[in-house]
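Please read the structure below before turning to the comments.
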Amino acid sequence: MGRIQTTDGLTEEQGELLALVREFVDEQIIPVATELEHRDEYPTQIVEGMKEMGIFGLMIPEEYGGLGESLLTYALTVEEIARGWMSVSGIINTHFIVAYMLLQHGTEEQKQKYLPKMATGEIRGAFSMSEPGCGSDVSAIKSKAVPGEGDAWTINAQKMWLTNGGSSTLVAVLVKTDTGADSVYKNMTTFLVEKEPGFGEVAPGVTVPGKIEKMGYKGVDTTELVLDGYQTTTAQILGGEPGKGFYQMMDGVEVGRVNVAARACGVAQRAFELGIDYAQQRETFGKKIVDHQAILFRLADMATKCEAAHQMMVKAARLKDKGERNDLEAGMAKYLAAEYCADVVEQSFRIHGGYGYSKEYEIERLYREAPMLLIGEGTAEIQKMIIGRRLLKDYAAR
């Protein structure tokens, strides 16, 4: 069954929810994940099951039809889901970020319009910052919104790496707006773009080309997004006021880093489970390979890294839940968990030997999935920059 789930500080209801999620993962996700992944097939039945459990509205307040749970509860839920199949956790990750951004920055009209349907999964969220030529440098985006008569806006944009780009019906899109501010970061605005699910022209002026082919992270749709003369209004600006988009997006990405850390913890935990199970079955030189000291040491290292990453992730989530600043801890958690996940998966792959290279074994899928976590929601270098700058402020010479 794996490591005992963190329950300190959780209510009985939260503990029961996590137990239900783990049961769902063991019975509904793990048995079909590898087959669906190899076919790059969207996990429709799994998504419907998550809707029934209320997972799409996990952190949406009860007044908007959600469960009103904490970031910690959500992160622990994501950890379990990623343990089953990382792509499934990706399906709810961007949805969760958009819901969070609406809660923190949206107008009351926007909250009332979108959150109740997001809680049920009827509206599915995605967010879009990256472009073909900018990568981590958000200031280099070229997408632009130009004001027209009255409250009208026209957007032209070419966006990249949208998780849920095809299946989503609401996309938070970051574009440049020439509002005359002295900083490029104050001349960015987040627009809420409604569209139909699917590919091709999904709304007037909105095109979602086909899925981007990836080496891993399959099943979930990753796409481009093209806005060509897209017509919208000020009512669709997140918060109703231009010029605040960059800071809204960064707030969303900050909680998203806790989410990515949780996903890395889940993948690492599954890799460890696969490794220790295989080591107790496989025999070489007349004994189980777990009885070889080299393998035993490897397992000890893997388990320690799983636990360290998990505890760092839990700390970052708890700080946010208490209303405290957590950018340092979120950056540390994302950096540590992603690096440790890649290492634990690699070690489990080595334990499996030649069989780890076979598509018949689950570890082959994890080996292709783990690298995405090294770059999602900011590379290791970006996390180190965030961590380093915060440390310099915290330890400034007096």
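Kirkwood radius and radius of gyration were both taken over the C-alpha atoms of segment 292-394, and their ratio Rg/Rh is 1.07. Assign one of three labels to segment 26-173, namely rounded, prolate or oblate, based on the Cα gyration tensor with a ≥ b ≥ c the square roots of its eigenvalues; rounded applies when a/c is under 1.5, prolate when it is not and a/b is larger than b/c, and oblate otherwise. Since a/c reaches 1.5 but b/c is at least a/b, the shape of segment 26-173 is classed as oblate. Within the chain, the longest run free of chymotrypsin sites (Phe, Trp or Tyr not before Pro) that sit in a DSSP loop with at most 10 other Cβ atoms within 10 Å is 1-284. Quick one: angle between helix 327-352 and the longest Cα principal axis of the chain, in degrees between 0 and 90, rounded to 10, please. For helix 327-352, the angle is close to 40 degrees.
Quick check on segment 224-322: what are the equivalent-ellipsoid semi-axes from the Cα gyration tensor, as sqrt(5λ), descending, whole Å? Don't skip to the answer; put the middle values down first.
On the way: eigenvalues 451, 62, 12 Å².
Ellipsoid semi-axes (Å, largest first): 47, 18, 8.
For segment 101-190, trypsin sites (Lys or Arg not before Pro) meeting the loop criterion (DSSP other than H, G, I, E, B) and having at most 15 other Cβ atoms within 10 Å: 142. Taking the chain as the reference, fit the longest principal axis to its C-alpha atoms, fit the long axis of helix 71-84 to the helix C-alpha atoms, and give the angle between the two in degrees, 0 to 90, nearest 10. The answer is roughly 60 degrees.
With the simple spin-label model, which puts each label point 7 Å out from Cα in the Cβ direction, the residue 381 to residue 38 separation comes to 3.7 nm. Reported to the nearest whole Å, the Cα centre-to-centre distance from segment 147-174 to segment 319-350 is 30.
Comparing 126, 300, 261 in a Gaussian network model of the chain, where Cα atoms under 10 Å apart are tied by springs, the biggest mean-square fluctuation is seen for 300.
Using the alpha carbon gyration tensor of the chain, what are the three equivalent-ellipsoid semi-axes (square root of 5 times each eigenvalue), largest first, in whole Å? If you can, show how the numbers build up before the last one.
Values: eigenvalues 272, 102, 84 Å².
One finds semi-axes of 37, 23, 21 Å for the chain.
Shown here for segment 1-110: trypsin sites (Lys or Arg not before Pro) in loop regions (DSSP other than H, G, I, E, B) with at most 15 other Cβ atoms within 10 Å, namely 3.
The simple Förster model, with R0 at 45 Å and r as the Cβ-Cβ distance, assigns residue 183 and residue 212 a FRET efficiency of 0.90. Among the GluC sites (Glu not before Pro) found in segment 320-359, those both in a DSSP coil and sparsely packed, with 10 or fewer other Cβ atoms within 10 Å of their Cβ, are 324. To the nearest ten degrees, helix 108-120 and the longest principal axis of the Cα atoms of the chain are 30 degrees apart. Backbone amide hydrogens, once placed in the peptide plane, bring residue 143 within less than 5 Å of 158, 176, excluding anything fewer than 5 places away on its chain.
Let me see the pair-distance distribution of segment 232-287: every alpha carbon pair, 5 Å bin width, integer percents in order. For segment 232-287, the binned pair fractions read 4, 15, 12, 10, 10, 9, 8, 7, 6, 5, 5, 4, 3, 2, 1 percent. Cross-link check: pairs 288/315; 186/218; 51/214 evaluated at a Cα-Cα cut-off of 31 Å; pairs beyond the cut-off: 288/315; 186/218. Annotation: amide H of residue 131 within the under-5 Å range of 160, sequence separation 5 or more or interchain, hydrogens built in the peptide plane. Each residue of segment 296-303 was assigned a 3J(HN,Hα) from its phi angle through the Karplus expression (A = 6.51, B = -1.76, C = 1.60, θ = phi - 60°), giving 4, 5, 4, 5, 4, 5, 4, 5 Hz with x at Gly and Pro. Build a GNM of the chain with springs between Cα atoms under 10 Å apart, and of 315, 288, 195 the one that fluctuates most is 288. Per-residue Karplus couplings for segment 35-44, computed as 6.51 cos²θ - 1.76 cosθ + 1.60 with θ equal to phi - 60°, are listed in order as 5, 5, 5, 5, 8, 6, 9, 5, x, 4 Hz, Gly and Pro entered as x.
Bear in mind that the values in this text are calculations on the coordinates, not laboratory data. Everything numeric here is computed off the predicted structure, so don't read it as measured data. Quick reminder, even Gly has a Cβ in these numbers, built from the backbone with ideal geometry, and neighbours come from all protein chains shown.
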